[in-house]
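Chemist: My structure is below; once you've seen it, I'll send some questions.
The values are calculated or read from the model by the stated rules, or taken from the named source; none is laboratory data. Note that the structure is predicted; figures quoted are calculated from it, not measured. Positions of Cβ are generated from backbone atoms using ideal geometry, with glycine treated the same way; all protein chains shown enter the neighbour counts.
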Amino acid sequence: MFKWYEEAKSIAERDPAARSVWQVFWQYPGYKALRLHRRAHWFEKRGLHFIARAISQYARHKTGIEIHPGAKIGKCLFIDHGMGVVIGETAEIGDYCTIYHGVTLGGTGKDKGKRHPTVGNNVLISAGAKILGPMTIGDNAKIGANAVVLKPVESNTTVVGVPGRAVKRDGERIRQSFELDQIHVPDPVSQEFSKMREEMDKLNRELEEYQVLFERMREKLCPALVDEIKKEEAAMKNEE
Ligand SMILES: CC(C)(COP(=O)(O)OP(=O)(O)OC[C@H]1O[C@@H](n2cnc3c(N)ncnc32)[C@H](O)[C@@H]1OP(=O)(O)O)[C@@H](O)C(=O)NCCC(=O)NCCS
């Protein structure tokens with residue numbers, strides 16, 4: 001089977017709104033962007049960056065999907081609706097993934113070289129989700145709508161929210177409240193007391209150091225005065 005047909009067919013099978021493979025072929029922006037990206041990537045790999053970029057910008061203009069020519073994309077990616085999708089230069093996407101509109105596979109601005117995520121096979125990235133940084137998203141993971149993912153995601157895991165947190169793994173809910181130890185919760189009052197005690201110990205130590213320093217300075221600067229004070233102290237002791 002031709003590769004282009006296989007990809008269009010897999011999209012038609014996954015989208016309940018698709019009427020036929022030909023509809024996908026002619027009218028699906030995600031499919032168009034993918035075909036154009038394959039061409040752009042071909043030129044990019046051969047060092048023809050200008051042509052590659054021109055094709056990618058043409059695809060962006062036509063579909064609202066911006067895929068950097070350097071991005072590595074596996075087979076049968078389905079970009080549904082497409083508008084506002086951005087896929088960065090060093091991003092890698094496995095086979096049979098689904099991406100909705102408004103998704104960014106981007107960098108955080110802190111990394112150099114590999115800056116964008118590596119997405120496994122059969123991953124679903126919902127509308128508006130942002131995956132930022134060179135982390136890995138495991139196979140069969142689901143990223144919830146509008147989630148912002150900044151850390152690696154294990155396989156078969158659903159991640160939602162900002163910042164993204166795992167809520168399901170292997171079909172089982174991850175209950176945050178169950179994972180929290182409800183019995184051995186630290187007492188906030190005793191924590192405050194021990195903080196105050198630490199602070200007082202520190203101040204006492206500092207005071208002792210200053211006292212020693214002061215004594216030394218007094219002995220050096222006015223030894224006569226020190227002798228006089230010592231004599232007075234001895235006299236007071238005798239009187240007692
Ligand atoms: C994440 C998603 C794929 C569902 O994955 P799932 O593994 O089946 O997870 P569930 O639906 O069982 O949800 C698990 C938990 O996450 C919560 N959740 C699901 N999606 C969420 C989201 N986008 N943001 C915040 N919380 C979300 C659920 O309320 C549930 O919480 P609970 O355990 O307290 O009840 C789905 O919710 C989603 O975001 N789909 C959007 C798809 C999309 O972009 N469609 C656009 C079509 S145009």
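Chemist: Answer yes or no: is there a residue in region 145-154 that is surrounded by 17 or more Cβ atoms within 10 Å (Cβ to Cβ), modelled with pLDDT of 95 or more, within 11 Å of the ligand (Cβ to nearest atom) and within 13 Å of T104 (Cα to Cα). So that I can check it myself, show each step before the final result.
Modeler: If we filter region 145-154 for residues that are surrounded by 17 or more Cβ atoms within 10 Å (Cβ to Cβ), which is where we start, we get 147, 149, 153.
Next, only the ones that are modelled with pLDDT of 95 or more stay: 147, 149, 153.
Narrowing further to those that are within 11 Å of the ligand (Cβ to nearest atom): 147.
Still in the running and within 13 Å of T104 (Cα to Cα): 147.
Yes.
Chemist: Identify all residues within region 87-101 that are within 16 Å of the ligand (Cβ to nearest atom) and not polar (S, T, N, Q); write none if there are none. Reasoning before the result, please.
Modeler: Here is the first cut: in region 87-101, the ones within 16 Å of the ligand (Cβ to nearest atom) are 96-101.
Within region 87-101, Y96, C97, I99, Y100, H101 qualify.
Chemist: Return the residues of region 155-172 that are among the polar types (S, T, N, Q) and near the ligand (Cβ under 9 Å from one of its atoms); say none if nothing qualifies. Spell out how you get there, then give the answer.
Modeler: If we filter region 155-172 for residues that are among the polar types (S, T, N, Q), which is where we start, we get 155-158.
Listed by number, the residues that qualify are T157, T158.
Chemist: Another question, if that's okay. One residue is enough: does region 99-107 have a residue meeting the conditions of a type in the set (S, T, N, Q) and under 18 Å from G164 (Cα atoms)?
Modeler: Within region 99-107, the subset of a type in the set (S, T, N, Q) is 104.
Subsequent filtering for residues that are under 18 Å from G164 (Cα atoms) retains 104.
Scanning region 99-107 turns up at least one residue that is of a type in the set (S, T, N, Q) and under 18 Å from G164 (Cα atoms).
Chemist: Pairs please, first residue from region 124-135 and over 14 Å from R165 (Cβ atoms) and not assigned by TED's automatic domain parsing to the domain that holds F78, second anywhere and within 8 Å of the ligand (Cβ to nearest atom) and of a type in the set (F, W, Y), Cβ atoms under 6 Å, 6+ apart in sequence or on different chains.
Modeler: Partner pairs satisfying both residue conditions: none exist.
Chemist: Next question, about the same structure. Quick one: count up the residues across region 56-83 that are within 16 Å of the ligand (Cβ to nearest atom) and without any contact (Cβ under 8 Å) to a residue 24 or more places away in the chain.
Modeler: Of the residues in that region, 0 qualify.
Chemist: Here is a follow-up. In region 81-96, what residues are buried (at least 20 other Cβ atoms within 10 Å of the Cβ) and more than 20 Å from the chain's Cα centre (by Cα)?
Modeler: Once the filter is applied, which keeps residues that are buried (at least 20 other Cβ atoms within 10 Å of the Cβ) and more than 20 Å from the chain's Cα centre (by Cα), region 81-96 yields only G82.
Chemist: Looking for whichever is of a type outside the set (A, V, I, L, M), within 16 Å of the ligand (Cβ to nearest atom) and over 13 Å from the mean Cα position of the chain (by Cα) here; the options are S126, S190. Which one fits? Spell out how you get there, then give the answer.
Modeler: Details: S190 fails: within 16 Å of the ligand (Cβ to nearest atom).
Every option except S126 fails the conditions.
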